[in-house]
Structures are given as structure tokens and as C-alpha cells.
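> Starting off with a structure, shown below.
The values are calculated or read from the model by the stated rules, or taken from the named source; none is laboratory data. Since we're looking at a predicted model, the values are computed, not measured. A quick note on method: Cβ atoms are made from the backbone with ideal geometry, for glycine too, and the neighbour counts reach across all protein chains shown. What goes into the accessible areas is simple: the full protein's heavy atoms, side chains included, and nothing from ligands, DNA or RNA. Shrake-Rupley method; radii C 1.70, N 1.55, O 1.52, S 1.80 Å.
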Amino acid sequence: MSTTIDTGWFQGLIKDKGFSQRGLAKLIDIDHAALSLMLNGKRKMSVGEAGTLAQFLGVPVGEVLARAGVTVQAGERSIPVRGVVAAGGTLNQSDSTKNVAAPQDMREGATAIRVNSPGAPHHGWVLFYYPARDVQPDAVGRLSVVSLADGRIMTGFLARGFDEGTYTVTPLSGAAVEDVRLVSAAPVRWIRT
């Protein structure tokens, strides 16, 4: 398998940011060999990996996806926008009647939320996910929509906490919320920039 990827762009950006490829792999918690295969077009980049790379490299996720040869196309269906992500990753839910075009492979039941962080590179992103009633195993290590036990709903990169049954949520901007208990966590499946 070989995908079209702009290897030179990725290598130049990694170097410009002061990372080595091995150092970046460690930072984003991916095996160095897997990152190498991905950046050389031998392994397809997932949307979650693109989001993580975008965060550490300081570029829009759409640019990472485009440079990785991942095509995101809108289908004919539309998905309701159910909330806005504010500064610090807090999700303010709404029953808005606004809809956005659905990515081609999103099934029924998908939901969209919009990021409202003026001045930030992720301002205006639309995040697509499937709401969950529990912590989905594939949410760990990815940008996810999480419901905390204290009633807050957030978006952020999810990691296991230090204490059993706890997690750390690191929003796209703002401080991490550490060692919290979650009711649910659903990984973001698509990001439209």
C-alpha cells in the first residue's frame, strides 16, 4: 500500500519546529516506526493522528490531511450542529436547527459541534462524532467529546489518569483537566476545517 503524501513538507515542518522524527513520535505517543511509515506513504494516516500532528506542529488539521493525501468529502446528508466548543474545551450544547454537510462515511446518529476560539488556528473547525453512553476504548489517545462526572462536557485529547478509573483531558487550548472521572467519551471521527 502506498499513499500520496508530501513527505518533504512534513519533514521540513518537523525540523522547523525543532523536533526530530523520533522525538515527535515520542511526544505524540506513537511508535517511531509507525510514524516513519506514515510520513513515507507506506501507512495511511488516521484523522485522529492528523489532529494530534496538527496540534504539535501548529498547523490546521485540514492542511495535515491534505498533505497526507487523505480526502475528506462532504456527502448529500446533513448532520445537526449540537453545540459550540468555547475556550478551554467546554462544550455548550444547544438544540440549534443548524446543519452541516455530513462527511461521506458518517452513519446515522452522528453529531457535529463547532469550535469557537477566535484567533486560534482551530477556530471554526467542525467536529463530527457519535455520542456515547460510556467511555469508548478508542477515545483514549484521541481528540474526544467527554462528559465528566461533575456534569461538564468538554472536548480534548484523552489520556488515562494517574489514579485507577480517572482520565486527563487536554483541550485544544487551555489547561489540562487531570485525574477526572468520566461518564462517557466519544472519539472525534472527522474534523472539517
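> Only one of 157, 162, 128 is farther than 20 Å from residue 102 by Cβ, assigned to a strand (DSSP E or B) and of a type outside the set (Gly, Ala, Ser); which?
Working: 162 fails: assigned to a strand (DSSP E or B); 128 fails: farther than 20 Å from residue 102 by Cβ.
Just a single option satisfies the conditions, and that option is 157.
> Mind listing just one residue for me: the one in segment 22-42 that is open to solvent by less than 50 Å² (accessible area, probe 1.4 Å) and not in a helix (DSSP H, G or I) and, of those, nearest to residue 5 (Cα to Cα)?
Filtering segment 22-42 down to residues open to solvent by less than 50 Å² (accessible area, probe 1.4 Å) leaves 23-25, 28, 30, 34-36, 38-39, 41.
Applying the additional criterion that residues be not in a helix (DSSP H, G or I) yields 28, 30, 41.
On the way: 28: 19, 30: 18, 41: 6 Å.
Going through the qualifying residues, I end up with 41.
> A follow-up question, please. Of the numbered conditions (1) within 19 Å of residue 86 (Cα to Cα); (2) of a type in the set (S, T, N, Q); (3) more than 15 Å from the chain's Cα centre (by Cα), residue 184 fails exactly one; give the number of that condition.
(1)
> Could you tell me which numbered condition residue 170 fails, if it satisfies all but one of (1) among the polar types (S, T, N, Q); (2) modelled with pLDDT of 85 or more; (3) more than 23 Å from residue 26 (Cβ to Cβ)?
(3)
> Among the residues of segment 111-119, is there at least one that is touching a Ser or Thr at 6+ places or on another chain (Cβ under 9 Å), modelled with pLDDT of 80 or more and of a type in the set (Lys, Arg)?
Taking every residue of segment 111-119 in turn, none turns out to be touching a Ser or Thr at 6+ places or on another chain (Cβ under 9 Å), modelled with pLDDT of 80 or more and of a type in the set (Lys, Arg).
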